[in-house]
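Chemist: For reference, the structure I am asking about is given below.
The values are calculated or read from the model by the stated rules, or taken from the named source; none is laboratory data. It should be emphasised that the depicted structure is a prediction, and the values quoted were computed from it without experimental measurement. Every residue, glycine as well, gets a Cβ built from its backbone with ideal geometry; the counts of neighbours run over all protein chains shown.
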Amino acid sequence: MNHTGDTSDPQDRRRRAPRRALPRWLPVPLGIGIGLLGGLGYGLAATPQYAATGYVMVVPQKGTDATTALGFAQAYGRIVTGSAVLAGAQAATHTAAADLKGHVQAATSPDAPMISVTGSSSRARTAATIANGVARSLAATGNRDSASTGVRLLVFSPAAAPAAPSSPSATLSGAVGASAGGLLGALVLLVRPRREDGEPARTALPAPSVHPSEPRPERAAV
């Protein structure tokens, strides 16, 4: 008895059945949403950081020109985070020199003999205390050799406690995260293979060939 019903594999029928394709632009809003949530989470969980900046000026003494003072300002700016300067700031900041190094930054100007000393902390008043303590220690360290260098260091502008944190807010972190997520989603969209029917291209596998068995020749009777 011959059966004329469908004898194909159920898995093959499921593969041949039409599937609803996802929109091609889906990675973009998905990336924006993930980035926004990640940025907001970081902004809310991170501890706010405050930064306060004080300025130290290098003043030329009698017989020293402004160019020499500018050169010494560049040199003293490189030793702000050195052990000698930080050790002198330990008493004023109530912080060990090893811990101060990660909370102090210095910058110099190519046009003016001035050094900016920035202190950072999770508290606004502590940030100002660190900046002022290191600035005074830098001035004291440089003035020990003023007779030979011909310049003196003065604390030109002490640091004040900042009114707002320098770290990004939760809103800004969320905006940055959303922008980064949208950019990644757009990159995924660009590198994704495109088809006219909206489905990603699939590689077709060749079907196994079936060869019918040939009848063997009969041997002649002896």
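Chemist: When you look at ASP99, is it assigned to a helix (DSSP H, G or I), without any contact (Cβ under 8 Å) to a residue 60 or more places away in the chain, surrounded by fewer than 14 Cβ atoms within 10 Å (Cβ to Cβ) and not assigned by TED's automatic domain parsing to the domain that holds GLY181, yes or no?
Modeler: Values: assigned to a helix (DSSP H, G or I): yes; without any contact (Cβ under 8 Å) to a residue 60 or more places away in the chain: yes; surrounded by fewer than 14 Cβ atoms within 10 Å (Cβ to Cβ): yes; not assigned by TED's automatic domain parsing to the domain that holds GLY181: yes.
Against the criterion (assigned to a helix (DSSP H, G or I), without any contact (Cβ under 8 Å) to a residue 60 or more places away in the chain, surrounded by fewer than 14 Cβ atoms within 10 Å (Cβ to Cβ) and not assigned by TED's automatic domain parsing to the domain that holds GLY181), ASP99 qualifies.
Chemist: Then there's this: If you go through region 35-54 one residue at a time, do you hit one that is of a type in the set (Val, Ile, Thr), closer than 30 Å to ASP111 by Cα and either modelled with pLDDT under 80 or not in a loop (DSSP other than H, G, I, E, B) (or both)?
Modeler: The answer is yes; a qualifying residue exists.
Chemist: For the structure I just gave you, tell me whether ALA75 is assigned to a helix (DSSP H, G or I), touching a strand residue (DSSP E or B) at 6+ places or on another chain (Cβ under 8 Å), over 19 Å from GLY119 (Cβ atoms) and of a type outside the set (D, E, K, R).
Modeler: no
Chemist: Quick one: ALA147 ticks every box in (1) exposed (fewer than 13 other Cβ atoms within 10 Å of the Cβ); (2) closer than 30 Å to VAL117 by Cβ; (3) modelled with pLDDT under 70 bar one, so which box is it?
Modeler: ALA147 satisfies all of (1) exposed (fewer than 13 other Cβ atoms within 10 Å of the Cβ); (2) closer than 30 Å to VAL117 by Cβ; (3) modelled with pLDDT under 70 except (3).
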